[in-house]
Amino acid sequence: MADPIHQFQIQKVVDLGAVNLPVFGHTELAITNSHIAMTAAFVAIVLFLQFVTSGAKVVPGRLQTAGESLFDMIDGVTDSIIGHDGRKYFPFVFTLFLLVLAMNLLGMFLSFTPTSQLAVTVTFAALTILLVIGVGFIKNGLGFFKLFWPMSAPLILRPVVGAIEFLSFLLRPVTLALRLFGNMLGGHVALKIFAGFVVALGAGAFVGEGLGIWGLPVAALSMVGVVAITALEFLVAFLQAFVFAVLASIYLNDVVNLGEGH
Amino acid sequence: MAAPNPHDTHATTEAEGHGSGGLPQFQTEHWAGQIGYLLVLFFVLYILIAKVFGPRLRRVMDERRDTISSAVATARQVQTEAAEQAAAAKAEVDKARADARATAAAAKARVTEEANARQAAEEAVVNARIAEAEASIGKTRDAAMANVSTIAADTTAAIVERLTGKTATAAELTAAKGAA
C-alpha cells in the first residue's frame, strides 16, 4: 500500500544549495513542491480577486457574488468581533483567511498541501500572535499586561486567574498552528489510506492476494469512505480557514479593546 | 505479509527517502525556505488587499448600498405621492357623489312639489266641477220631484175617476197624497 505520509514529503524542484542559518540551523535552500503549491495558491487568490474586482458592477455576476460573500463574511467577522476598529484589521484577517483557504482547497486538487506543513501553519500562527502582541503594546503600552490581570475576578483569585490567562495566551500560537496542521494532516492521511485500500484490495482480488475475492466489498466500502471523506475535507478546508480568521479576530479584539468590558 | 510484495519494497524505498523516518513536516532543513517564502507571499497579498482589492470591493459595495438606499427612498417617495393622489381622488369622488346626491335630492323635492301643486290645482278644478255637477243634479232632482207630485196627482185623479166615475177635486187629491 502506498505510504500515506509520502504526500507530505518536501521535494526539491530547483536546488539552490545549503546554508547555516542562526535559528533554523542547517537549511536547504530550494524551490520545492511546497513553494510551488504556495505560489499556486497565491496566484489563484490574486487572479480571483482581480476577476472579482476588475469588472465590479453594482449588480454582481456569479464570480463577483462569490468574492463579495467571502469579503462580506470576513468583514462581518472583524466588524462584529473587533468592533469599530475592525476595518483596520480586516486586510490582515482577510489575507490570512484567503491564504489558508486557498492552500487548503488546493490541497484537495494537487498532490501537495502547504497547510499540512508545520512550517507553514507555524508561520501563520506566529504572524497572528506577533501582530496581537505588537498591537497590544502599541495601543496600550505596558497596559498590555492588564490582559493577565482580570479586573472582573475577585482580588484573591486574580494572580491565579492571571497565571492561567498567561498560560492560555502562550498556548494560543501553538493551538493555532497545531489545529490547522492536525486537521490537514489527519484528513489527507485518512484519504490516502482509504484510497490505498481501494487500489490494494481491488487489485488483490484479481491477482489472488490479500483478502482475495473478499477484498472487493471492502474496496467498495473504502471507495464510499473516500467519497465521504473528500466531501468532509472540503468542509474542513473551509471551516479551518474560517476558524483561523475568527480566532485571529478574537485575539486581536483582546488587545484592541483592552479593558473595555472584559 | 511475509511474501515478497511489490508494495513492500515501494514502501521501504520511500521510508528511506524520509531520512529520519518521522513525519516529513519535522525536517527542519526545509523550514526556513518555506517560512521566508510564505512571509513574502503574505506581505505581498496583504499590500494588494489593503491597497487595491479591499478598497475596490468596498467602493462597489458602498455604491450598491447607496444605489439601493436611494432607490428605496425614491420608491417610498413615489408611494407617498401615489397615496396622496389616491386620497385626493377619493375625496374628489366623495365630493362628486355628495354633490350628485344633493342635486338628485333637490330635483326630487322640486318635482314632488310641482307634482303636488299640479295635483292640488287639478283637484280644485275637479272638486269645482263635482260641486257644479252635484248642484245641477240636485236641481234636476228637485224639478223631477216636483214633477213627481204632479204626476202622482194626475195619476190619482185618473184612477179615482175610473174607479168612482167622479172627478176628484184638487183639494181632495192633495189631502189624499198627504195621507198616503
Next item on the list: Mind listing whichever residues of the range B:129-156 are in contact (Cβ under 8 Å) with a residue 12 or more places away in the chain and either surrounded by fewer than 11 Cβ atoms within 10 Å (Cβ to Cβ) or of a type in the set (Ser, Thr, Tyr) (or both)?
Entry: B:Ser149, B:Thr156
Next item on the list: Report, ordered by the first and then the second residue, all pairs with beta carbons closer than 8 Å, sequence separation of six or more or different chains, a first member in the range A:158-171 that is within 24 Å of A:Val122 (Cβ to Cβ), and a second member that is modelled with pLDDT under 90.
Entry: A:Glu165/A:Leu147; A:Glu165/A:Phe148; A:Glu165/A:Pro150; A:Phe166/A:Phe148; A:Phe169/A:Leu147; A:Phe169/A:Phe148
Checklist line | Selection within the range A:56-70 - closer than 19 Å to B:Leu48 by Cβ and facing chain B (nearest Cβ under 10 Å) | finding: A:Ala56, A:Gln64, A:Gly67, A:Glu68, A:Leu70
Note to self: Residue under question is A:Ser116, and the condition is that it be of a type outside the set (Val, Ile, Thr) and buried (at least 22 other Cβ atoms within 10 Å of the Cβ); does it hold?
What the structure shows: yes
Notebook entry, point to check: Looking at the range B:158-173, is at least one residue part of a loop (DSSP other than H, G, I, E, B), among the hydrophobic types (A, V, I, L, M, F, W, C) and free of Cβ contacts under 8 Å to residues at least 24 places away in the same chain?
Noted result: yes
Next item on the list: Quickly run through the range A:101-141 and pick out the residues that are within 13 Å of the chain's Cα centre (by Cα) and polar (S, T, N, Q).
Entry: A:Asn104, A:Thr113, A:Thr115, A:Ser116, A:Gln117, A:Thr121, A:Thr123, A:Thr128
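Residues are listed down the side, and each one gets a yes or a no for (1) within 14 Å of chain B (Cβ to nearest Cβ); (2) over 28 Å from A:Phe94 (Cβ atoms); (3) surrounded by fewer than 21 Cβ atoms within 10 Å (Cβ to Cβ); (4) of a type in the set (A, V, I, L, M, F, W, C):
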| position | (1), (2), (3), (4) |
| --- | --- |
| A:Leu180 | yes, no, no, yes |
| A:Gly186 | yes, no, yes, no |
| A:Lys192 | yes, yes, yes, no |
| A:Val207 | yes, yes, yes, yes |
| A:Leu211 | yes, yes, yes, yes |
| A:Gly215 | yes, yes, no, no |
| A:Thr230 | no, no, yes, no |
| A:Ala237 | no, no, no, yes |
| A:Ile250 | no, no, yes, yes |
Check: Among the listed residues A:Phe97, A:Phe51, A:Phe71, which satisfies the condition of being farther than 16 Å from B:Arg59 by Cα and in contact (Cβ under 8 Å) with a residue 12 or more places away in the chain?
Finding: A:Phe97
Checklist line | the range A:37-52: number of residues that are within 7 Å of chain B (Cβ to nearest Cβ) and in contact with a Pro (Cβ under 8 Å, 6 or more places away or on another chain) | finding: 1
Item checked: Flag if A:Leu176 is closer than 30 Å to A:Ile82 by Cβ and either assigned to a helix (DSSP H, G or I) or modelled with pLDDT under 90 (or both) -> yes
Notebook entry, point to check: So is A:Phe48 in contact with a helix residue (DSSP H, G or I) (Cβ under 8 Å, 6 or more places away or on another chain), surrounded by 16 or more Cβ atoms within 10 Å (Cβ to Cβ), aromatic (Phe, Trp, Tyr) and part of a helix (DSSP H, G or I) or not?
Noted result: yes
Next item on the list: Using the structure shown, decide if A:Pro60 is surrounded by 15 or more Cβ atoms within 10 Å (Cβ to Cβ) and not in a helix (DSSP H, G or I).
Entry: yes
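Every residue, every condition in (1) more than 9 Å from chain B (Cβ to nearest Cβ); (2) more than 17 Å from B:Leu39 (Cα to Cα); (3) of a type in the set (Val, Ile, Thr); (4) surrounded by fewer than 24 Cβ atoms within 10 Å (Cβ to Cβ), yes or no:
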| position | (1), (2), (3), (4) |
| --- | --- |
| A:Val100 | yes, no, yes, no |
| A:Met108 | yes, yes, no, yes |
| A:Ser111 | yes, yes, no, yes |
| A:Val120 | no, no, yes, no |
| A:Ala126 | no, no, no, yes |
| A:Ile129 | yes, no, yes, yes |
| A:Ile133 | yes, yes, yes, yes |
| A:Gly136 | yes, yes, no, yes |
| A:Lys139 | yes, yes, no, yes |
Notebook entry, point to check: Within the range A:154-173, is there a residue that is closer than 30 Å to A:Val226 by Cα and basic (Lys, Arg)?
Noted result: no
Check: Could you count how many residues in the range A:1-36 are at the interface with another protein chain (Cβ under 7 Å from one of its Cβ atoms), in contact (Cβ under 8 Å) with a residue 40 or more places away in the chain and in contact with a Lys or Arg (Cβ under 6 Å, 6 or more places away or on another chain)?
Finding: 0
Item checked: Number of the condition not met by A:Ala37 [criteria: (1) surrounded by 18 or more Cβ atoms within 10 Å (Cβ to Cβ); (2) farther than 20 Å from B:Leu39 by Cβ] -> (2)
Item checked: Selection status of B:Asp99, under 26 Å from A:Val52 (Cβ atoms) and either more than 14 Å from chain A (Cβ to nearest Cβ) or at pLDDT below 90 (or both) -> no
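The values are calculated or read from the model by the stated rules, or taken from the named source; none is laboratory data. Just so it is clear, the model here is predicted, and its values are computed rather than measured. No Cβ is skipped: glycine too gets one built from the backbone with ideal geometry, and neighbour counts run over all protein chains shown.
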